[in-house]
Amino acid sequence: MNKYRVPSSVNLLRAREYGLENSFIHIEQTRRLANFTLCKYRNLTSYHHSSISTMSLEQSEYRYLLSGGANGHICCHDMFPSNLVVKHPIIFQIDRNSNREHHTNNICSLLWYPNDNGLFITLGLDKKLKIWDTNRVKTADEYEFNNFAYSAHMSSTTNTSIIAIGHENGDLRLIDIRTGSNSHIIHAHNKKGICLVKWFNNNPNLLASAGADGQVLFTDIRSSRKYYMALDRDNILTDNQQVNSRTTTSTSSIAHHRGVKSLEFLPDNSHLLTLGGDNHMYLWNVNNGQRLLVNYGPILTDNIRIITLACAQMKHDRTKSLVYVPFGKSIRIYDILSGERLTTLNGHLLPVSTCIYNRLSIELYTCSDDILVWAAIKKQQEDYELSMKTQERRYETTRSLGQILNRDQWSDDEDEV
């Protein structure tokens, strides 16, 4: 935790004198990341009447937050401004009462179109993938499948139009929304099914897929092979050459002993975090597929099918990387490279399923049956609460004086006799 402490003011002034104009910004970002607290006075207009299964924050303005419920309802909140006291309004909602094109079952995935909030994509357990026009809140296109699909993802790179979808029968389907083609199917996993799919951050042709059997496969969609690498939990990064001798392309290679529940690439795309139903979280080298010896301890995943982690990485210092992990009703913050647990955030009443990091305003959004906002505003909240108590005391004092001054001074004539 020491490396996340803020340097003294003298050191900050000295850094500015030496021409390090960005040091203030970097240090402030580092301080905020490790000191999140619950924003008690920032609320979202209530909408969902069931558990919230997933969320998505658009990456063009970092302002509009989509949330999908277990009943198929979808809602969009405006998270601007990020004031100390604010109630975020609903921009639009999609449900059986407001939209005929709504989903009829649990929402599995929500995706904003990369770098453009004019489109967003939804995937539900009603076996339908819908592409929505945000301005009109109407479907622009729709795809229906024969099998259940649990995960969909779109590359964050520019000029992309391909959506990857993982099905319960082990098929990896690619849909090109520009041409409407959905015939490209990769039979990568076995019939236990695919739990998650995730594109690489820096390459629109490479994607990772995770199965219910614990396998994690890397696929190049330009190649005829099903996959070019399979992560193996026994392929550990160490000085012992005998340990490194295992191949990473074997069909028996597994990353977890149970189904994989989370895939999350670090922002610089050098490492991958996986979380499995075996209650283990592993850190992998993306280039060679080796597992790093980082011990995060057991992480309980409860009965949640898909868990979304949030990663934050400092641009000025890659060693300062944090991950926010849902752990039952709380959120744990870990240092990614050391495995040290820095702190735990408590505030939800039900198990948390999704964490979303807003790197523009340096905030964290989490959901269970409700959506909570976290930020480094502990001191501001304490000052606000103190000012409110002071105002209440002044009001009570003024009211008491007013009661004394306005008290009746008359007496009954019979008492005077």
Please list, ordered by first then second residue, the pairs with beta carbon atoms under 9 Å, 6 or more apart or interchain, first in region 144-158 and within 10 Å of Tyr113 (Cα to Cα) and in contact (Cβ under 8 Å) with a residue 24 or more places away in the chain, second part of a loop (DSSP other than H, G, I, E, B) and aliphatic (A, V, I, L, M).
Met154/Ile177
Just for region 81-105: of the residues that are under 20 Å from the mean Cα position of the chain (by Cα) and modelled with pLDDT under 95, which one is surrounded by the fewest Cβ atoms within 10 Å (Cβ to Cβ)?
Pro81
Of all the residues that make up region 120-157, how many are under 21 Å from the mean Cα position of the chain (by Cα), at pLDDT below 95 and of a type in the set (S, T, N, Q)?
3
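Working carefully through the options Asn117, Asn43, find the one that is within 25 Å of Ile377 (Cα to Cα) and either within 18 Å of the chain's Cα centre (by Cα) or not in a loop (DSSP other than H, G, I, E, B) (or both).
Working: Asn117 fails: within 25 Å of Ile377 (Cα to Cα).
Just a single option satisfies the conditions, and that option is Asn43.
Filter region 122-139 for residues that are under 16 Å from His167 (Cβ atoms) and not acidic (Asp, Glu) and give the result. Steps first, answer last, please.
Taking region 122-139 as the starting set, the residues that turn out to be under 16 Å from His167 (Cβ atoms) are 123-129.
Listed by number, the residues that qualify are Leu123, Gly124, Leu125, Lys127, Lys128, Leu129.
Rundown of residues vs (1) more than 28 Å from Asp220 (Cβ to Cβ); (2) surrounded by fewer than 17 Cβ atoms within 10 Å (Cβ to Cβ); (3) of a type outside the set (A, V, I, L, M), yes/no style:
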| position | (1), (2), (3) |
| --- | --- |
| Gly289 | no, no, yes |
| Tyr296 | yes, no, yes |
| Ile307 | no, no, no |
| Ala310 | no, no, no |
| Tyr324 | yes, no, yes |
| Leu349 | yes, yes, no |
| Gln380 | yes, yes, yes |
Scanning region 93-130 residue by residue, those polar (S, T, N, Q) and free of Cβ contacts under 8 Å to residues at least 40 places away in the same chain turn out to be Asn97, Ser98, Asn99, Thr104, Asn105
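Name the residues in region 202-211 that are surrounded by fewer than 22 Cβ atoms within 10 Å (Cβ to Cβ) and under 23 Å from Lys192 (Cα atoms), would you? Explain how you work it out, then say what you get.
So the first thing to find is which residues in region 202-211 are surrounded by fewer than 22 Cβ atoms within 10 Å (Cβ to Cβ), and the list is 202-206.
The one that is surrounded by fewer than 22 Cβ atoms within 10 Å (Cβ to Cβ) and under 23 Å from Lys192 (Cα atoms): Leu206.
Which residue out of Ile304, Ile336, Ile299 is more than 14 Å from the chain's Cα centre (by Cα) and free of Cβ contacts under 8 Å to residues at least 40 places away in the same chain? Step through it out loud before you land on a result.
Values: Ile304 fails: free of Cβ contacts under 8 Å to residues at least 40 places away in the same chain; Ile336 fails: free of Cβ contacts under 8 Å to residues at least 40 places away in the same chain.
On inspection, the qualifying residue turns out to be Ile299.
The values are calculated or read from the model by the stated rules, or taken from the named source; none is laboratory data. The shown structure was predicted, so the numbers you read here are calculated from the model rather than taken from an experiment. Reconstructed Cβ throughout: ideal geometry from the backbone, glycine too, with neighbour counts over all protein chains shown.
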